[in-house]
Amino acid sequence: MTTAFISHPDCQLHEMGAGHPESPQRLQAIERQLDASDLRQRLDIQLATPVEVELLYWTHGREFVREIEALLPSHGLAWADPDTALNPHSLGAAHLAAGAVVQAAKRVLAGQVDNAFCAIRPPGHHAEQERAMGFCLFNNVAVGVEWALREGGAERVAVLDFDVHHGNGTVDIFQDRPEVLVCSSFQYPFYPFRYQDIRRPNIVHTPLPAGTASDEFRLAVEADWLPALRRHRPDIIFVSAGFDAHREDPLAQLRLEDADFRWITDLIVDASKPSAGGRIVSVLEGGYSLQALGRSVEQHLEGLLEA
Ligand SMILES: [Zn+2]
């Protein structure tokens, strides 16, 4: 079985100021963990290629993409929202981030690899159709989903989001698209305070109070996600893999352990087998404790490798 690991050093050039938690050090922590373990030898390591800009228009529309392009500063920072800045390298990083997901979807749907993990930034799941927010410029996962549906031969897709923050952007984009199931587990009430109460047959919310630990997390995800996945029968599963529900994370108050990220990976792998043939494209979202992020990504990759 093969797991692709898709990344690019230029994703580390995007930088939002000293002390910003969504920092280049996050990707460096993941790279260090590949070396500290034997993962680098076991993964199919690939360099991300930039997205074709036309593919962004399928998700965000031309006007929005042009607004983001127009914000790009020639020096210093330009702010897209109070939490989200661009430096001169941010647009290049954002094109690589979305491009990695399209590349992963292509390879997985062509059967060249079994599954894939995209270690990219900026993250994407807060980016709505017409709004950059929450450290996100373009919704990387949504861009990959659109490619899979329009070009990749997929008819039904599931997006599973275990980031501690609700995937408001993904819900905004797919709320009226019954072919896309979106399941999101998240601390509630909590940022981003948008869409987390919306009711749609293809949107599954798993709100979790602050302090939630492994057992309650596992029970809630099994109860909410598994029946929805059995009904939906996706051809491929995309994962918004955020690791900020870890107990060591400084931005949130859930209490997951390293092993919970192996557990949820195994659950997703099992769920992908009946209809999706094991096809999984997983994409980095949050995770702000550098130590916990490295260890949790290792758990996630072990689960993907042993699919
Ligand atoms: Zn998050």
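Can you give the extra length, in nm with one decimal, that the chain gains between Glu179 and Leu72 once fully stretched, where that is 0.36 nm per residue apart less the Cα-Cα distance? Don't jump to the answer; show the numbers that get you there.
Working: separation 107, 0.36 × 107 = 38.52 nm, distance 3.43 nm.
Residue separation times 0.36 nm, minus the Cα-Cα distance, leaves 35.1 nm.
Give the carbon-plus-sulfur fraction of the accessible surface of region 158-307 in %, rounded to a whole number; probe 1.4 Å, heavy atoms of protein chains only. Before the final figure, lay out each step's value.
Values: 2610 of 5230 Å².
Accessible surface attributable to carbon and sulfur in region 158-307 totals 50 percent.
Roughly speaking, what is the stretch gain from Asp266 to Gln253, that is 0.36 nm per residue apart minus the C-alpha to C-alpha distance, in nm to one decimal? Before the final figure, lay out each step's value.
On the way: separation 13, 0.36 × 13 = 4.68 nm, distance 2.37 nm.
Gain in length upon complete extension: 2.3 nm.
So for Asp249, Asp38, Asp270, Asp114, what's the accessible-area order with a 1.4 Å probe, most first? Mind showing how you got there, number by number?
Values: Asp249 10, Asp38 75, Asp270 100, Asp114 50 Å².
Final ranking, largest accessible area leading: Asp270, Asp38, Asp114, Asp249.
Over the heavy atoms of Glu151, what accessible area does a 1.4 Å probe trace out, to the nearest 10 Å²?
Answer for Glu151: close to 110 Å² accessible.
On full extension of the chain, what length is gained from Arg218 through Glu155, given 0.36 nm per residue of separation minus the C-alpha to C-alpha distance?
Working: separation 63, 0.36 × 63 = 22.68 nm, distance 2.88 nm.
Answer, rounded to one decimal: 19.8 nm.
Give the calculated FRET efficiency between Ser37 and Ile198 to the nearest 0.05, with a Förster radius of 45 Å applied to their Cβ-Cβ distance. Working shown, then result.
Numbers: r = 40 Å, r/R0 = 0.88.
Taking R0 as 45 Å, the efficiency between Ser37 and Ile198 is 0.70.
How much of the DSSP beta bridge set in the chain is antiparallel, as a percent to the nearest 5? Please list the in-between numbers first.
Numbers: 5 of 40 bridges.
If we restrict to bridges inside the chain, about 10 percent are antiparallel.
How much solvent-accessible surface does Asp83 expose, in Å² to the nearest 10, with a 1.4 Å probe and all protein chains in place?
Per-residue accessible area (Asp83): approximately 60 Å².
I need to check one value: relative contact order of the chain, counting alpha carbon pairs closer than 8 Å and at least 6 residues apart, in percent. Mind showing how you got there, number by number?
Values: 708 pairs, mean separation 60.8, N = 307.
20 percent.
Could you work out how far the C-alpha centroid of region 73-134 sits from that of region 1-35, in angstrom?
Centre-to-centre (Cα) distance: 12 Å.
Please work out the average accessible area per residue across the chain, using the 1.4 Å probe convention, and give it in Å². Working shown, then result.
On the way: 11370 Å² over 307 residues.
Value returned for the chain: 37 Å² of accessible area per residue.
The values are calculated or read from the model by the stated rules, or taken from the named source; none is laboratory data. These numbers were taken from a predicted model, which means no experiment stands behind them. Every residue, glycine among them, receives a Cβ derived from its backbone with ideal geometry; neighbour counts consider all protein chains shown. SASA here: full protein model, heavy atoms, side chains in, ligands and nucleic acids out. Shrake-Rupley method; radii C 1.70, N 1.55, O 1.52, S 1.80 Å.
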